[in-house]
Amino acid sequence: MQARLTGLNHNEALAYLGYRGGALPPDAAADIARCEALLIKTVRPRAVWRRFALTPDGGFEGVSFRPEGGDVPRLLFGCEAVICFAATLGMEFEALMRRTQARSMAEAVVLDACGSAAIENVCDNLCGDLAAAEAPLCLTDRFSPGYGDFPLTQQHDFCAMLDAQRRVGITLSDSGLMTPQKSVTALLGVRRTPPEKRARGCAYCGRFADCTYRKDGITCG
Amino acid sequence: MDNITILDGAMGTMLQAAGLRPGETPEVWNVTRPGDVIAVQRRYAEAGSGVLYTNTFGANRIKLAKCGHAPAELIEAGVRCARAAAAGTNARVALDVGPIGQLLEPLGTLSFDEAYDIFREMVVAGEAAGADLVVIETMSDLYEVRAAVLAAKEHTRLPVWVTMTFEATGRTFLGVTVPAMALTLDGLGVDAMGFNCSLGPAELMPLVRELADWTDRPLILKPNAGLPDPATGAYTITPDEFADALSEAAALGVTVLGGCCGTTPDFIRALAARAAGLTPAARTGSRKRGVCSSGRVAVFGGVNVIGERINPTGKKRFQQALREHDIAYIVDRAVEQEDAGADILDINVGLPGVDEPRLMAEVVRAVQAVTDLPLQLDSSDPAALEAGLRAVNGRAIVNSVNGRAEVLDAILPLCAKYGAAVVGLCLDERGIPQTAEERVAIAERILAAALSHGIRREDVLIDCLTLTVSAQQEQAAQTLRAVRTVREDMGLHAVLGVSNISFGLPARENVTVGFLTQALYAGLDFPIVNPNQRAIMDAIAACRVLSGEDDGAARYIDRFAGTDAAAPSSNTANTANTGAAADMTLEAAIVRGLKAETAALTAKALDGMPELAVVESLLIPALDAVGGKYERGELFLPQLINAANAASEGFRLVRERIAAKGGGSVSRGKIVLATVHGDVHDIGKNIVRVVLENYGYTVVDLGRDVPADTVVAAAIREGARLVGLSALMTTTVPAMAETIAALRQSGHDCKIMVGGAVLTPEYAAEIGADYYAKDAKQGADIAREVLG
C-alpha cells in the first residue's frame, strides 16, 4: 500500500479558486488540467499510518496518545480499532510552488488550488486502500485535528506518535503549522458494521465560523 | 586498507525499553538516570561497538527549550556517560548531533547563522567534555549539514563524520541528491560520510554504490533493521540477515558500519562477529566531479553553460536594482536564465557604494530559493567571496583568481576551505600576455598554487581571456590556441566569457556564435554567455550533438521539437499580433491579460493624451472592470492577476514617458506588506503584493515571519500611510494583534488592513485593524480609499 496521486477533482480545485457556479472563465479548465499533469509528474506523495486496537476506556493500545474533546470518542464509539495517518505531497510541492511564484503568480494561484485538491485525492486513495485491506471490517470517515472539538494543539503529539517527521518529512512549527503545507493528518475508526452517521460536513468543521463557502451557501462535503 | 569500524545501534529504542516515556526528552536521562544510559551503551560496547554515540541527538537549545536543562549541561553529562560505558574497551566516544527540528530558510524561518550558532554551542560543549569526534546524523537538509560541519570545523579540532537520511528514490525529504551531498561534504573536508536511518541495508545499497562514485572519503552505513511494518511500526529483519547485508557494503569498500532504528545489541554483536573476518574492498577512486546546488549537479566532462546576466557591468537597470536593493529584479534574471537553459549561474553584485559581502550572501540565498542551478561567485573581494561561499547550499565555483601572488594567497584558501572550484584568469601584474604560450605559463603558475593549497587539479578552470576582435584581431587565434593547450596538454577545464569577442561590430551575434563554435571545438567546456540569446544556445545544442555529448541527439531533438525552420519568421507573427490588437480596446486587452497588446495600445493612447489622463481614464477604469468581473465570479484570481500584470505594462510605459520628460513619480503611494511573526504561509500576501503593484502602488514587501518592530520601523522609514498584514493560522493571529498594537503605540500615522484565511471582519475590528480585506481585489479598493 503506497500513497498515490491519481488525479484531481476539478470541481474541488475550481471551488478553491473561488468558483461559485455560473459560466467558467476562459482558460480555467485548461489551467487546472495543466497543473494536474504537472503535479502528477512532479510530486511524490508519502503517507505513514499506524493501526491501534482501542482499549475499553477509549485509549489507543500501546501509546499514550488520547484525543481530547467529545467528537473523536463519538466517532470511535463501537469501533474496535483506530487507524491514524499522516499524508503529504512532500517538499517537491513546496519547491515547485516557490519556483512558480517566482515566474507567475497567476500560475501559482492555480497550482495552490490544485495542490489542495491533490492532497485530498491522496487521502481518498489511501483511505480506499485501507478500507480494502480491512474488509470485511468497515471504516468511518476520516477526522483531523482541528475538526470539531479535536484540538489542533494535539497535532504535535499526533505527529510524534506517527514519527511523521522522520517517516514522511512533515515538520511542525511551534504554532502547529505543517510543512510541507499540503499535508493532512487524520484518524479513522475500524468497525464491524458500517457507520450509521457520517462525521463530515459543516457541523464538524473547524472553519464553521469563518468559512467563505458557507457564507455563499455552498458546502464542500 | 583500514579495518572495519563498528558503530553502535539504536539508542531511542533501547531507552524506551528501559522506561523512557513518549514525549519525554531522552537527553535529560544523562543527568536524571545516567545509570540507564550507561547500561545501554555498555551493552553496545560489549557487543563490539568501537564507537559509542553520546545520548545527545536532540541536545540543542531549540529542542531542549522546555525541559529546563541547557545543551552544555546535558552534553557534558552525555559524554561522561559514554566515557563510563567505554571504560576498559577501546571504544571512542562520538558526540551525536541530530537535526535541530525546525526548518531552515527558505522552507522554514530558522536562519543559517542561527543554525550555525546552535551547532556551535553543541560541538564546543562536546569537545570540552572530551568527545573524540563529532557525528552529524539523520540529516535531510544539506544546508543544515553545512551549518553543523562549519561549526564543528571552525570551533573544534575533532574529526567530523556525517550521515544523511535518504529515501529509496535517492533523494532526502528536502530533495538533496547523493552526488550533491558527496560533492558538498567532500569539499568541506568531512572525515567520513554516508547514510543512516530511513531504510534497511538492502534499500540503501544502490545509494552506497552511487556515493562511492563521487567521493574518496571513508564511507559510513548505519541502516535500520529493515523497513517497519506500516501498521505496527515494528522492524522486520533478524540480526543475522542484517549482518549478511552489511557485509555486502564492506565489499563495496564501506569501512564504518552500524545500526539505526530497530537494531539492538544483538544486531551489533552479529555485525561485529561477521566484520571480524572481513577486509573491506579497496576503493578504486571516485571518478565523477562537478559543482552543485542541493538538488542538482553540473557534472564536469561535458559543456556547462554559465549564465552571465547577474552582473551590473554596463547595465544601468541592474545597477539601479543593486542600489535600490531590488532583489526581486535580480532573482528574475536568475529565473529567466534557468528557463533559457543555463547550467550554472554567475553572480556578480559588485558596484561602488554597495555592501558587496552582505549583498552577495543575500542574492545567493534569494537565487537558490527559486532555482536549483549551481552557482559561480564572481568578485575580486575576498570578503564578498567568503560571504557568498558560506551562503551557498552546495558546491560553487569561485570566479576568479589570476597569476598575481597576492590574489592567489587571498582567495585560494577560501576555495580550499569551502571546497569550491576556481577560475584562474591568464593575466598577472604585467597585464594580459599577447601570446598563447605566455598565457599557458600563467595557467601553470595558477595550477601549481592551487595544488599547493590542496585544491584538486580537476577543480581548476582556466580562463584564457577573450579580447575584442575589432580592436585586436590577431588575439582571437591566440585565445583559441591557449584553450586547446589548457585542455589537451594540461588536462584542465577551460572557461571563457564569449560575448566580449564581438564588441564594436555590427550584427554581433554572427561573430559571437562563430567564435563560440570554434572555442567549443578547441575544448572550451564552460562558456560564459547570455543564455537568453537563442542563437547562442542553439549553437551549443548543435555542438553537443557533434561532440557526442548529446547521446543520440535526444536533447537537440527535444529542443527543436514542434518548431519548424521553414515556419514564418517572427516578423510575420508580430504583424499578425498587431493586426489583432488594432480592433481591440485597451480595456479588452487588460481584461484578457494580454501584456503585449496592452503595451501597444497604451503607447498609442500616450501619443494623443497626457500621461495622467491615460492612467485616470483608461488604465484605472479597465482595472475596475476587471475587479467587477472578479466580484461577480466571472473571473477568478488567476485572471485577476493576469489582468493586473497586463495593466502594469501600461503603467510602466506611463512611468517611462514621465521620466523621459524629467517628471516625478507616478506611484499612487507606498504600502508596507508583511506576513506576521510565526507565520510562513505567504502566498496570500504575495498575491496582494502583485495586484497592488500592478494597480500602480509602490509596495515594500517585508516577507514572512516578520517581527512587529520590523513592521513599525519599515512603516516609519518608508513613510507608508497604509500597512497590510497577513496571517493564515488561528495560532498566528495574536502576532497580528501585537503588530497592530506596536504600530499604534509608535504614533506613526497610518491605516492598517488585515487579511488571511481565518480572519473575519469582526475579528479584524476587535484586534484594532482599520480594514478587513477578504481578497486582493478588496486590498486594492482599500488602497484607493486610503491613498487615492
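The values are calculated or read from the model by the stated rules, or taken from the named source; none is laboratory data. Fair warning: this is a prediction, and the values are worked out from it, not measured in the lab. Ideal geometry is used to build each Cβ from the backbone, glycine not excepted, and the neighbour counts take in all protein chains shown. Accessible surface is based on the protein model in full, side chains and every heavy atom, while ligands, DNA and RNA are left aside. Shrake-Rupley method; radii C 1.70, N 1.55, O 1.52, S 1.80 Å.
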(request) Give the residue from A:LEU39, A:LEU139, A:PRO56 lying farthest towards the positive end of the charge dipole for segment A:17-141; charges sit on Cβ (+1 for Lys and Arg, -1 for Asp and Glu) and the dipole is referred to the Cα centre. (result) A:LEU39
(request) Report the accessible surface area buried between chains A and B, summing both sides, using a 1.4 Å probe on protein heavy atoms only, in Å² rounded to the nearest 100. (result) 4000
(message) If you count only protein heavy atoms with a 1.4 Å probe, what accessible area per residue comes out for chain A, rounded to a whole Å²?
(response) 44
(message) Among DSSP bridges having both ends in chain B, what percentage is antiparallel? Round to the nearest 5.
(response) 10
(message) Given axes a ≥ b ≥ c from the Cα gyration tensor, I'd like to know whether segment B:61-172 is rounded (a/c under 1.5), prolate (a/b larger than b/c) or oblate.
(response) prolate
(message) With bins 20 Å wide starting at 0, give me the P(r) of chain B over every alpha carbon pair, in whole percents.
(response) 14, 38, 36, 12, 0
(request) Report, in deg cm²/dmol and to the nearest 500, the calculated mean residue ellipticity at 222 nm for chain B, where each DSSP H run with n ≥ 4 adds -39500 (n - 2.57) and the sum is divided by the residue count. (result) -15000 deg cm²/dmol
(message) Are there any GluC sites (Glu not before Pro) in segment B:219-319 that are in a DSSP loop and have at most 11 other Cβ atoms within 10 Å? List them by number.
(response) none
(request) Would you please give the residues with an amide H less than 5 Å from that of B:GLY290, counting only those at least 5 places away or on a separate chain, with H modeled from the backbone geometry? (result) B:PHE300
(request) Name the residue farthest towards the positive end of the dipole of the protein assembly as shown from the options B:VAL483, B:PRO610, B:ALA369, assuming +1 on Cβ of Lys and Arg, -1 on Cβ of Asp and Glu, about the Cα centre. (result) B:PRO610
(request) Taking every pair of Cα atoms in segment B:357-479, average 1/r, invert it to obtain the Kirkwood radius, and report Rg/Rh to two decimals. (result) 1.02
(request) Quick one: dipole size for the protein assembly as shown, taken about the Cα centre, charges +1 on Lys/Arg Cβ and -1 on Asp/Glu Cβ, in debye to the nearest 20. (result) 340
(message) What figure, in Å² to the nearest 10, do you get for the accessible area of A:ARG74 with a 1.4 Å probe and non-protein molecules left out?
(response) 150
(request) Have a look at A:PRO136, A:PRO145, A:PRO25 and tell me which one the Gaussian network model of chain A (Cα, springs below 10 Å) gives the largest fluctuation. (result) A:PRO25
(request) Determine, at each q value in 0.05, 0.07, 0.08 (inverse angstroms), the log₁₀ of I(q)/I(0) that the Debye formula gives when each Cα of the protein assembly as shown is one equal point scatterer. (result) -0.35, -0.70, -0.91
(message) Please report the carbon-and-sulfur percent of the accessible area for segment B:343-497; probe 1.4 Å, protein heavy atoms only, DNA, RNA and ligands left out.
(response) 52
(request) State to the nearest 20 debye the size of the charge dipole of chain B about its Cα centre, where the only charges are +1 on K and R beta carbons and -1 on D and E beta carbons. (result) 420
(message) Please check segment A:96-142 for residues whose accessible area, probe 1.4 Å, is lower by 30 Å² or more when all protein chains are in place than in their chain alone.
(response) A:ARG98, A:ARG99, A:GLN101, A:ALA102, A:ARG103, A:MET105, A:ALA106, A:VAL109
(message) Quick check: from the Cα gyration tensor, does segment B:688-788 come out rounded (a/c under 1.5), prolate or oblate?
(response) rounded
(request) State to the nearest 20 debye the size of the charge dipole of chain A about its Cα centre, where the only charges are +1 on K and R beta carbons and -1 on D and E beta carbons. (result) 260
(request) Find which of B:VAL190, B:ALA647, B:GLY68 sits farthest along the positive direction of the dipole of chain B, computed with +1 on the beta-carbon of Lys and Arg, -1 on that of Asp and Glu, about the Cα centre. (result) B:ALA647
(request) Whole number in Å², please: accessible area per residue of segment B:40-164, 1.4 Å probe, ligands, DNA and RNA not counted. (result) 32
(message) Residues of segment B:69-118 losing 30 Å² or more of accessible surface, assembly versus chain alone, probe 1.4 Å, please list them.
(response) B:GLY101, B:GLN102, B:LEU103, B:LEU107
(request) Counting helices only, and only those DSSP H runs with n ≥ 4, report the 222 nm mean residue ellipticity of chain A as the sum of -39,500 (n - 2.57) divided by its residues, in deg cm²/dmol to the nearest 500. (result) -12000 deg cm²/dmol
(request) For each pair in B:LYS316/B:LYS661; B:LYS315/B:LYS685; B:LYS316/B:LYS604; A:LYS182/B:LYS629, compute the distance between the two Cα atoms and list the pairs where it is over 20 Å. (result) B:LYS315/B:LYS685; B:LYS316/B:LYS604; A:LYS182/B:LYS629
(message) How would segment B:466-566 be classified by its alpha-carbon gyration tensor: rounded, prolate or oblate, with rounded meaning a/c under 1.5 and the a/b versus b/c comparison settling the rest?
(response) oblate
(message) Only bridges whose two residues both fall in the protein assembly as shown count here: according to DSSP, what percent of them are antiparallel, nearest 5?
(response) 30
(request) Just add up the charged neighbours of B:CYS464: K/R +1, D/E -1, any other residue whose Cβ is under 15 Å from the Cβ of B:CYS464. (result) -4
(request) Take the alpha-carbon centre of segment A:1-77, take the same for segment B:263-309, and report the distance between them in whole Å. (result) 37
(message) Suppose the Debye formula is applied to equal point scatterers at every Cα of segment B:294-407; what is log10 I(q)/I(0) at q = 0.10, 0.19 Å⁻¹?
(response) -0.27, -0.97
(message) Sequence gap at least 6, Cα distance under 8 Å: using those rules, report the relative contact order of segment B:70-194 to the nearest whole percent.
(response) 23
(message) Quick check on segment B:401-553: of the DSSP beta bridges with both residues there, what percent are antiparallel, nearest 5%?
(response) 10
(request) Scan around B:SER400 for amide H atoms under 5 Å from its own, H built in the peptide plane at 1.01 Å from N, and keep only partners 5 or more places away or cross-chain. (result) B:SER379
